[in-house]
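Report on the following structure.
Only the coordinates and a few stated rules stand behind these numbers; no lab work does. On a predicted model such as this, the values are computed, not experimentally measured, just so you know. Methodologically, a virtual Cβ is constructed for each residue, glycine included, from the backbone with ideal geometry; neighbour enumeration extends over all protein chains shown.
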Amino acid sequence: MSRDYADLIAALNEQGARYLLVGAFAVAFHSRPRFTKNLDIWVEPTAENARRVCRALLAFGAPARLVEAINLATKGEALQIGVAPARIDLLTDVEPLDFSACWERRAKGVFLDQSASYLGVEDLLICKRFANRPKDRLDVRMLEKARLKTDSQDRRTKTRERKT
């Protein structure tokens, strides 16, 4: 896994940017890892957050001309940094989801050695079903299987707690 990924997450955290890890790394967080060629980061498309993300990108070492050319405050924009298999994709829109609602339901975790915000499992399932590519259908199966396993473990824990 690219060290650049952790460095960018650290820069986003330092600037207080609002972002959610989506795509294969979110699937891995909620279920199990699978191969991917990039890190997908969904950033909140507001003027204030765009400024934070741009400061983070500059601190990360992205070329100023690249940062100045993108409008991260507008939905539907995307910025690709690097090349596969270590590419970073910054997205301002993930259909059919709303960033603010997803932010409230986000899952907090760790990415490499950095704290990170992930798209919640229910929102990830909605996103994957909407995209409906072959790899998305596989992701849905993995996520549902992991969710069933977690639900089963939660029920067993609650049963044990009631017995004590």
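So the values come out like this:
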quantity	calculated
Sorted by Cβ neighbour density within 10 Å, fewest at the top, the residues Glu122, Glu95	Glu95, Glu122
Relative frequency of Cα-Cα separations exceeding 19 Å in region 91-153, percent	41 percent
Phi-based couplings in Hz for region 68-75 (Karplus 6.51, -1.76, 1.60; Gly and Pro marked x)	5, 7, 9, 9, 7, 8, 10, 4
Where only C-alpha atoms are counted, convex hull volume of the chain per residue in Å³	124 Å³
Nearest 10 degrees, 0 to 90: helix 3-14 Cα axis against the chain principal axis	80 degrees
Percent of beta bridges antiparallel (DSSP, region 36-141, rounded to nearest 5)	65 percent
Qualifying aspartates and glutamates (Cα of each under 17 Å from Cα of Lys108; at least 8 residues distant if same chain)	Glu14, Asp40, Glu44, Glu122, Asp123
Residue with peak Gaussian network fluctuation, the chain [Cα springs, cutoff 10 Å], from Asp89, Asp98, Asp136	Asp98
Gaussian network model of the chain, Cα within-10 Å springs - most flexible of Arg105, Arg133, Arg18	Arg133
Sum of -39500 (n - 2.57) over DSSP H runs of 4+, divided by residues of the chain (222 nm, nearest 500)	-16500 deg cm²/dmol
Surface/4 estimate of mean projected area, convex hull on alpha-carbon atoms of region 11-102, nm²	6.0 nm²
Order of Val140, Val22, Val110 - criterion: other Cβ atoms within 10 Å of each residue's Cβ, fewest first	Val110, Val140, Val22
Candidates per GluC sites (Glu not before Pro) in region 8-87, loop by DSSP, up to 16 other Cβ within 10 Å	Glu77
Top of Phe111, Phe29, Phe130 by mean-square fluctuation, Gaussian network on the chain, Cα under 10 Å	Phe130
